[in-house]
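Down below is the structure, laid out as structure tokens.
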Amino acid sequence: MPTPRIISDVKKNRQTGTHIQVDFGLNEPEYYQATCYTHGHYCNADTLRSIRIIATDPLGWCEGCQHQFYAAGGSF
Ligand SMILES: [Zn+2]
């Protein structure tokens, strides 16, 4: 089984201002994962290509980011 590893360090997302990290296998073995460190939610994908796209769009999967977005009136 592949070892869990960090793929990209926590980066500030341009869209939401939250901090997103990409890793492999951290919470779900053998899946890539994007984590919103600001809210603690994460999303999994089975390819690196997919997770890189997902990581740039936390509004698509992080409830905390979505809540923040709509609370701000739908824009940042
Ligand atoms: Zn978030």
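Every number here is computed from the coordinates shown, using simple stated rules; none is lab data. What you see is a predicted model, and the numbers here were worked out from it, not measured in a lab. Cβ placement follows ideal geometry from the backbone for every residue including glycine, while neighbour counts extend to all protein chains displayed.
Structure notes:
- For the range 1-65, the set of chymotrypsin sites (Phe, Trp or Tyr not before Pro) satisfying both a DSSP loop assignment and a count of at most 14 other C-beta atoms within 10 Å is given as 37.
- Net +/- balance of residues flanking residue 5 in space, Cβ distance below 14 Å, scoring K and R +1, D and E -1: -4
- Database remark: amide H of residue 11 closer than 5 angstrom to the amide H of 20, 21 (H placed geometrically; neighbours at sequence offset of 5 or more, or on other chains; Pro and chain starts carry no H).
- Anisotropy class of the chain from Cα gyration tensor, a/c 1.5 cut: prolate
- Summary value for the chain: 23 percent relative contact order, contacts being C-alpha pairs under 8 angstrom separated by 6+ residues.
- Isolated cysteines of the chain, defined as having no other cysteine beta carbon under 4.7 Å away, are 43.
- 12 Å beta-carbon shell around residue 34, net charge (K/R +1, D/E -1): -1
- The trypsin sites (Lys or Arg not before Pro) of the range 1-71 meeting both criteria, a DSSP state outside H, G, I, E and B (loop) and at most 12 other C-beta atoms within 10 angstrom of the site's C-beta, are 14.
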